[in-house]
Amino acid sequence: MSYSEKLLDYFQNPRCVGEIPDAHGVAEVSNPVCGDVMKLWIKVDGDRIQDAKFKAQGCSAAIATSSYATEMVIGMTVAEARGITKEQIADALGGLPPSKIHCSVLASDAIKAVLKGF
Amino acid sequence: MRPEVVAAMTPLFTEHFGNPSSIHWFGQHAKSLIDEARKHVAKLINAETSEIVFLSGGTEADNFAIRGIASKGGHIITSTIEHHAVMHTCKDLEKAGIPVTWVRVSKDGVVDPDDIRKAIRPETVLITIMHANNEIGTIQPIEEIARVAAEADVYFHSDGVQSTGKIPVDVKKLGVDLYSMSSHKIHGPKGVGALFVKKGTNLRPMLTGGGHERNRRSGTENAPGIVGFGEAARLAREGLANEMSRVRQLRDRLETELKSRIELIQVNGENAPRLPNTSNIMVDYAEGEGLVISLDLKGVAVSTGSACSSGSLEPSHVLTAIGKTPDEAHGSLRFSLSSMTTADEIDYVAEILPGIVDRLRELSPYYKKV
C-alpha cells in the first residue's frame, strides 16, 4: 500500500483520540463499503467547535483520516466544518490510493452527522 | 528463493542458453537440464516424468486443467473455498453456460466427500477441489473425493499449489487425474509451475503451436525457470520430513504464544488437518489492514482477509465460506512460514503483535477492556 509519510504518522500517532463525557454532540458512522466505524464527540461554544475527539475501528487510512479530520475541525465554525470535503481530507494527507478513497468519506460523514442540529 | 536454486538457474542465462527444441549441442544440453528438472518435480509427487507439463504457474495449471476438460460443456463440481484461479475460471465457464455446483465447507474449512457425491449428475465432467487451502491451510480429503470421482467416472483435478512441498504428496495414492503446482511456493522462481496430467487423460491444449511438452503446452520452454523449479522440488523433497516438522513446531509456538498474550483471538481451521506452515488468526476489535501495516512498519510481512486490503473491497471468500461475518473477516491475519523462517522471527512477532493489537483496540469505539 502506498501511503504518504504524513498518513502513516497520523495512523501511528493519531491526534485527538478519546471520548468527551460532557460532549454537546456525538455521532457514530460506519462505512457501508468496508464496515469501518468512526465515533466523533464535539463541544461547541457559540458557533465555534471548541473541542473534538474520536475513536475508530478500521484500516490505517480510516484511522489517519479520522484523526486528521478531528484535529481539523477544532477551532472551526460549525459552517466551516460542515464544508469539509473528503477530497480536502485525503489531499491533506498526501492523497489516498484509489481503493482507499472511500475511507476519507467516513470522516467527512462523521463531521456532517455530529453537526446535525447545530 | 533458495541460494541453491539461483545457482542452478544462473548457467541457463550465461552458458546453456540454447533452445531446448534445437538439435545442436547447446540446445540439447538445455533439454537435458529440463529433463533432469522434470524428474525432480515428478519425484516430489510420485508421478511419471511423462505426466509433468511445465507451464507458467499455478494459475495457468488450474486454467488448463479446468478448461481443458470442461470448456466444451458438461457440469463442474467445485467448492466455495477454492483459490481465485479455480473460482474465477469456474465462474467464467458458468457465465458461458456450463453449470457449476459450489459445494459448501464445514466451519473448520473442510469439504465433505458425501456432498460431492450428492452433487454428481450424469453430465458431470469434472470435480475440482484444492488439496490445501491457501488462506487457512486446511487439508481436504482428496483420497475420498478421488474415490467418489472414480466411481462416477468423472475427472478429478486438485489444486496442489499450497500443499506441494509442504506435506507428502503422492498422486497415485491420492488418485487425482490432474494436479496443479507452482514453483515460487517452494522457494523456486516465479512464473513457472506444472500440471500433473495422469497418463490417458484427455485434456484439450490451451496453447497450440510448436507442440512442446508432448503437445500439451506449446511455447518455447522457460528453461531457467524450469531448472530452478526442478532444484526447488529436489530440495523440498529432501527437506519435507525434517524441515516441515520444524516449521510446524514454529507455527504452533506462534499460535500458543499469541493466544496466551492476546485476548479475544481465535485460530481459523484449528480443528481440521492443516498445512504446517499456515496460520490464520482472527483478532476481535482490530482491523486486519491496520494490523498488516503496523507489522509491515516493523519489518514483518503478513496478509489479511479484510475487505480493506483487497482491491475489490470484499472480505475473504474463504472466511465467509467458513461462516465468519464480514466483521470477523475484517480482523483476520494470515502468517505464512517456510523452511527459511527462524525461531527468532516467531518470537519477534509474538513480542510485538500484542502491543499493536492493544493500540488499535484502544482506538476502537467498541472495545472494552475485560
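Data table
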quantity	calculated
Unmet criterion (only one of (1) aliphatic (A, V, I, L, M); (2) within 14 Å of chain B (Cβ to nearest Cβ); (3) out of contact with any Phe, Trp or Tyr (no Cβ under 6 Å at 6 or more places or on another chain)) for A:Ala64	(3)
Which listed residue is under 15 Å from B:Glu263 (Cα atoms), modelled with pLDDT of 95 or more and not aliphatic (A, V, I, L, M), from B:Asp358, B:Asp347	B:Asp358
Qualifying positions in segment A:39-59 - closer than 14 Å to A:Val114 by Cβ and more than 8 Å from chain B (Cβ to nearest Cβ)	A:Leu40, A:Trp41, A:Ile42, A:Lys43, A:Val44, A:Ile49, A:Gln50, A:Asp51, A:Ala52, A:Lys53, A:Phe54
Breaking point among (1) touching a residue at least 40 places away in the same chain (Cβ under 8 Å); (2) polar (S, T, N, Q); (3) in contact with a Pro (Cβ under 8 Å, 6 or more places away or on another chain); (4) within 14 Å of another protein chain (Cβ to nearest Cβ), for B:Thr220	(4)
Residues located in segment B:174-208, provided they are small (Gly, Ala, Ser), buried (at least 18 other Cβ atoms within 10 Å of the Cβ) and farther than 26 Å from B:Ser338 by Cα	B:Gly175
Segment A:1-32 - residue that is under 15 Å from A:Ser108 (Cα atoms) and modelled with pLDDT under 95 and, of those, surrounded by the most Cβ atoms within 10 Å (Cβ to Cβ)	A:Asn31
Criterion violated by A:Val73 - all others in (1) under 30 Å from B:Val283 (Cβ atoms); (2) crowded, with 21+ Cβ neighbours inside 10 Å; (3) modelled with pLDDT of 95 or more satisfied	(1)
Pairs with Cβ under 6 Å, 6+ apart, first in segment B:343-370 and within 14 Å of B:Gly331 (Cβ to Cβ), second small (Gly, Ala, Ser)	B:Ile356/B:Ser294; B:Val357/B:Ala286; B:Leu360/B:Ala286; B:Leu360/B:Gly290; B:Arg361/B:Ala286; B:Leu363/A:Ala56
Qualifying residue in segment B:242-259 (condition: surrounded by fewer than 24 Cβ atoms within 10 Å (Cβ to Cβ), β-branched (Val, Ile, Thr), under 25 Å from B:Ile139 (Cα atoms) and touching a Pro at 6+ places or on another chain (Cβ under 7 Å))	yes
Residue check for B:Ile76: touching a His at 6+ places or on another chain (Cβ under 7 Å), of a type outside the set (Ser, Thr, Tyr) and under 30 Å from B:Gly109 (Cα atoms)	no
Single condition B:Lys199 does not satisfy, out of (1) in contact with a helix residue (DSSP H, G or I) (Cβ under 7 Å, 6 or more places away or on another chain); (2) of a type outside the set (Val, Ile, Thr); (3) closer than 28 Å to B:Ala8 by Cα	(3)
Some residue of segment B:39-55 being more than 24 Å from B:Met340 (Cβ to Cβ), β-branched (Val, Ile, Thr) and crowded, with 19+ Cβ neighbours inside 10 Å	yes
Residue in segment B:138-148 that is modelled with pLDDT of 95 or more, surrounded by fewer than 24 Cβ atoms within 10 Å (Cβ to Cβ) and of a type in the set (Gly, Ala, Ser) present	yes
Residue satisfying condition, being within 24 Å of B:Ile142 (Cβ to Cβ) and in contact with a His (Cβ under 6 Å, 6 or more places away or on another chain), within set B:Ala272, B:Ala232	B:Ala232
Count of segment B:84-130 residues which are hydroxyl-bearing (Ser, Thr, Tyr) and over 24 Å from the mean Cα position of the chain (by Cα)	1
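The values are calculated or read from the model by the stated rules, or taken from the named source; none is laboratory data. Keep in mind that what you see is a predicted model, and the values were worked out from it rather than measured. FYI the Cβ positions are ideal-geometry reconstructions off the backbone, even for glycines, and counts take in every protein chain you see.
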